[in-house]
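Any read-out appearing in this document is the output of simple, stated calculations on the displayed coordinates, not a laboratory observation. Keep in mind it's a predicted model, so treat the numbers as computed, not measured. A quick note on method: Cβ atoms are made from the backbone with ideal geometry, for glycine too, and the neighbour counts reach across all protein chains shown.
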Amino acid sequence: MARRTRLAAVVTLAMINVFTLAAGITVARMLPPRLAALKVPTVAAEPVSQAAPVLSPGPGTGAPPTANGLQSALAGPLSAAALGPRVSAVVTDPATGKILWSQNPGQLSTPASTTKLVTSAAALAALGPDATFTTTVVRGATENSVILVGGGDPTLAVHPFRAGQYPRPATLAGLARQTAKALKGTGRSTVSLGYDDSRYTGPDLAPGWPAAYVSTGNVTPISALEVDQGRLTTAGEPEDDDDPDNLRARSTDPAGVAAASFATLLTADGIHVTGTPQAQRARQNASTLASAQSPPLSAIVQQMLEESNNVIAENLARQVALKNNQPASYSGAAAAVISELKHLGISTSGLHLVDGSGLSPQDKIVPAALVKVLQLATSTPRIRPLLAGLPVAGFSGTLSAGQSVFASIGGPALGSVRAKTGNLDTVTTLAGLATDKTGKTMIFAFMADKIPSAGMLSTAAKAIDDAATALANCGCRLRALAAARTVGL
């Protein structure tokens, strides 16, 4: 019986092989003859192309827009009464760096959240796109004590907000599990908990920040140890610091809140925590029990720009300060960011910063500096991740429909404009890239910092939206190209 079964199995397999071969021959005869010319891909023996800027000119790109054409397209939107008397703008060709059109290009203006562009560029240049920030748990002064040490990870969370969240943050929950496992491995189940947020220094609030920024949810006092960017609630919604309706109150003691959350998590993992967590400095040679690394800087920058996240921006500026051996304070961070931009070839005369997020009305940037940063991002691999974080009109971040005062951007701009938004009570700005209907990409910065009243902000932002939409709908090549000037920054 067994022999008969084996024989049947062999015959069946043979018939399947014959059928497969016959089917293959039949299908091959049905294929177009040109497919016979296909070859299996192979790796080239030597480089066949050199790396080039992402927006380098190529065949068929045609002449750039003209100054007269751009004037015709932009004069209307940028002369809107709601923008007030101080409007500045620059439009450049990213492939050459030439100014195609400008209006008060050297005028120092309040940049609002477009400040995050210069902070991003400085962080990527100083630290590199693969940099990460580490939160650790180390042994305290006694064997029965541990200290939670903040490393300035601005994305650290208690738990992930949602499944599939990008970038996926390091979590206190994961850090607590590691710590509990390490403690149990040494036979300890009871500890006291300290926390160390001494990596940063200086005042809680930057110059020009009212205390209401914390209670209204714009920002938390910047600390090297904080979770969920200091939010008092964690609903899992994306942040949008350019949209007042999506802000939640923040803690005035983010490090203490983080430590209390960690104590609760340790308890849930079987470790009894005695007393209340206390602020204390970890010893330099303290042994590490557990650690958690942030996502790479490139992903953090993308999140920060899409959400216009103030807390992330301020943390990144502090990390630039540490890299440049400056105090990790608001003033030290601002000085370090400006220093990095100077190394990138941007004139410091067009920059005055007191924070890294643009929340302060005391920040001042010329529009030509913003377009220079964006131009460098198109040609410098180290800071190119900045471009991936720019919101896309109608689709992502603060340019998504319904997400902010910039939600009116639409029409030809949908999918064709990628830009960083910015607004304060009487300030509205927008800086990014626009591809016109002929396929030509331009870099632009539009700034208005004397809006007549806060009640006119939405109308003013609509005028800036209209200017970006005009660029996307342009094809502005009326008359010969005017003499263009290279951006002298």
Q | Length released on extending from Ala141 to Ser291, taking residue separation times 0.36 nm less the Cα-Cα span | A | 52.1 nm
**Q.** Value in Å of the Kirkwood radius, where segment 82-134 supplies the Cα pairs that are averaged
**A.** 13.9 Å
Q | For segment 379-387, Karplus couplings with θ = phi - 60° (6.51, -1.76, 1.60), whole Hz, Gly/Pro x | A | 10, 10, x, 5, 10, 4, x, 3, 5
Q: Amide H neighbours of Gly194 under 5 Å, at least 5 residues apart or on other chains, H built in the peptide plane: list them.
A: Val146, Ile147, Leu148, Gln278
Q: Report the label-to-label distance for Ala211 and Thr252 in nanometres (one decimal), using points 7 Å from each Cα along the Cα→Cβ vector.
A: 0.6 nm
(Q) Among 122-131, 220-229, 194-203, how do they line up by average Cβ neighbours within 10 Å per residue, starting with the highest? (A) 220-229, 122-131, 194-203
Q. Summing Lys, Arg as +1 and Asp, Glu as -1, what charge do residues with Cβ under 15 Å from the Cβ of Ser88 carry, Ser88 excluded?
A. +2
Q: Check cross-link reach from Lys98 to the lysines: straight Cα distance under 26 Å, and skip same-chain residues fewer than eight apart.
A: Lys116, Lys342, Lys364, Lys372, Lys420, Lys437, Lys440
Q | Percent of C-alpha pairs per 10 Å bin, segment 347-480, short to long | A | 13, 41, 37, 10, 0
Q.
Please report the net charge: other residues with Cβ closer than 12 Å to the Cβ of Gly174, K and R +1, D and E -1.
A. +2
